[in-house]
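See below for the structure under consideration.
Laboratory data are not the source of any read-out in this text; all were calculated from the coordinates shown. Keep in mind it's a predicted model, so treat the numbers as computed, not measured. Reconstructed Cβ throughout: ideal geometry from the backbone, glycine too, with neighbour counts over all protein chains shown.
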Amino acid sequence: MPALLLNLKVVFVSLPCLFLPGTLCDERVWLPVWKNLTLSQRRYVPLQWASSLNDMLSLTSDRVLEGEKVHVTGFSMGGYVAGCWAVKNPANVASLTLIGCSPYGLTKDEIARRQQLVTMLKKGQFHPQKTAYLSRFVHPGYLQSEHVAGVVSEMGSDLGAATLIAHTQATTPRESLVPLLNKAPFPVHFIGASEDNIVPQDTLQKAHKAISGATLTVIPDAGHMCLLERPDEVAMKLTDILQRLP
């Protein structure tokens, strides 16, 4: 494994790369992956500052110069925001990579569950340190890891229920991006995890087949928080994607 990481670090990606975090996440979710990437310009979109989808899209636009092409990579909720921004600004997109993210819209059941979540959160029912919360996102093999479950718990505690409410409401409902991505002039890439309880493999397989030219990589033995659980493998795939265009 050390040799693999060393090989990753010698690769230089010339175009700027934008990274968007997921719900109730900040830059800590990306740090292990960034350590294995060598980029000319790494730009982070602080979605934890946003309280609406328009805010999220504006924060993304703020990090892109006029006429500039960038690689856009989003995790979970950040993947959906990245996709929304990309289809609105196709001339600025060199590639779009969605990690642990479904490009489909929310079902009625999903919307109802989100509404129930907001109601619970407003009543003070938020415990990011508890196993019941962590096990939804973290693979069982990493529930005792301070570098995985510990980071997820810390982000939840630091950002708090108010941020979770804002993120949930800002991205509910969601329209399907699949028709627009199928016609997009930029390549679309999916990275998923073999045991993701939030975005299962069959959803990504369906999206992969529905979007012309899309690629799909599944990270083995990982859950939704694959950025923290298997950062070396995620970085290796991102390196492959980011090298495809100058």
### Task
Have a look at the range 193-237 and give its Rg and Dmax from the Cα atoms, expressed in angstrom.
10.8, 30
### Message
How big is the range 97-144 along each principal axis, measuring the range of its Cα positions in Å and listing the largest first?
### Response
35, 33, 16
### Task
Using the Cα centre as the reference, give the magnitude of the dipole from point charges on the C-beta atoms of the chain (Lys, Arg: +1; Asp, Glu: -1; all else neutral), rounded to the nearest 20 debye.
380
### Message
As an exercise, use a Förster radius of 22 Å and the Cβ-Cβ distance of Met120 and Leu143 to find the FRET efficiency, rounded to the nearest 0.05.
### Response
0.50
## Note on the structure
Final fewest-first order of Ile211, Ile111, Ile165, Ile99 on the 10 Å Cβ neighbour count is Ile111, Ile165, Ile211, Ile99
### Where the Cα pairs of the range 169-246 fall when distances are cut into 10 Å bins, in %
17, 42, 37, 4
#### Entry: GluC sites (Glu not before Pro) lying in DSSP loop within the range 153-209, provided at most 15 other Cβ fall within 10 Å
Glu175
### Message
Stokes-Einstein diffusion coefficient for the range 73-192 at 20 °C in a medium of 1.002 mPa s, Rh from the Kirkwood formula over Cα pairs: what value in µm²/s?
### Response
135
### Query
Taking Cα atoms of the range 154-208, Rg/Rh with Kirkwood Rh, to two decimals?
1.07
### Message
Per DSSP helix of 4 or more residues, -39500 (n - 2.57); summed, then divided by the residues of the chain. What does that give at 222 nm, rounded to the nearest 500?
### Response
-12500 deg cm²/dmol
### Query
Taking Lys209 as the anchor, which lysines have their alpha carbon closer than 24 Å to its alpha carbon, excluding any fewer than eight residues away along the same chain?
Lys88, Lys108, Lys183, Lys237
### Query
Ranking Asp109, Asp240 by Cβ neighbours within 10 Å, fewest first, what do you get?
Asp109, Asp240
### Message
Please give me, ordered by residue number, the trypsin sites (Lys or Arg not before Pro) of the range 76-178 that lie in loop per DSSP and have at most 13 other Cβ atoms within 10 Å.
### Response
Lys123, Lys130, Arg136
### Task
Find the Cα radius of gyration of the range 59-108, compare it with 2.2 N^0.38 Å by division, and give the number to two decimals.
1.15
### Summary
Those GluC sites (Glu not before Pro) from the range 15-98 that are DSSP loop and have at most 11 other Cβ neighbours within 10 Å turn out to be Glu66
### Task
Compute the relative contact order of the chain as a whole-number percentage, counting only Cα pairs closer than 8 Å that sit 6 or more residues apart in sequence.
24
### Query
Over all distinct Cα pairs, what is the inverse of the mean 1/r for the chain, reported as the Kirkwood hydrodynamic radius in Å?
18.1
### Message
Using a 10 Å cut-off around each Cβ, can you sort Cys17, Cys226 from fewest to most neighbouring Cβ atoms?
### Response
Cys17, Cys226
